[in-house]
Amino acid sequence: MKHANTVIKAVMSTEKGTGMQAEQNRYMLRVDRAANKAEIKKAVEDFFNVTVLAVNTQNYLGKTRTLRTRKTVKAPDWKRAIVTLKPGDKIDLL
């Protein structure tokens, strides 16, 4: 089993994410691409000391950009997890 620090990369703070936090008690996390839902659930419960009810994941491809020299570069691929917490639990972001 992976350590929680290697599974969770960052807590994402976006406009959509803050709306989900307030209304649905769901949080968006940037996680390791190789982590599965069970590992993400265990890492969030251990790291933030909360109870996780559900985990949804999405894989994203990195964007391809063209530099001024006509050279193309690609940003790394990444994975996002949306974690639903038990009512009453919350993650302190600050």
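For the chain, adding -39500 (n - 2.57) for each run of n ≥ 4 DSSP H residues and dividing by the number of residues yields -7500 deg cm²/dmol at 222 nm. Calculated from the alpha-carbon coordinates, the chain shows an Rg and a Dmax of 15.3, 53 Å respectively. In segment 12-62, the portion of solvent-accessible area held by carbon and sulfur atoms comes to 46 percent [1.4 Å probe, whole percent, DNA, RNA and ligands not counted].
Within the shell of other residues whose beta carbon sits under 14 angstrom from the beta carbon of residue 52, the net charge comes to +2, with Lys and Arg scored +1 and Asp and Glu -1. Summary of packing: across the peptides 47-60, 25-38, the per-residue average of other C-beta atoms within 10 Å ranks them, highest first, as 25-38, 47-60. Shown in residue order for segment 49-60 are the 3J(HN,Hα) couplings computed by the Karplus curve 6.51 cos²θ - 1.76 cosθ + 1.60 at θ = phi - 60°: 6, 10, 10, 9, 8, 8, 10, 10, 10, 9, 9, 10 Hz (x for Gly and Pro). The lysine pair tally for the chain, using Cα distances under 20 Å and a gap of 8 or more places or different chains, is 26.
With protein chains left intact and a 1.4 Å probe, residues in the chain average 69 Å² of accessible area per residue.
The values are calculated or read from the model by the stated rules, or taken from the named source; none is laboratory data. The structure presented is a predicted model; accordingly, all values stated were derived computationally and were not measured. When we count neighbours, we look across all protein chains shown, and the Cβ atoms used for this are built from the backbone with ideal geometry, even at glycine. Ligands, DNA and RNA are excluded from the accessible area calculation, which covers all protein heavy atoms including side chains. Shrake-Rupley method; radii C 1.70, N 1.55, O 1.52, S 1.80 Å.
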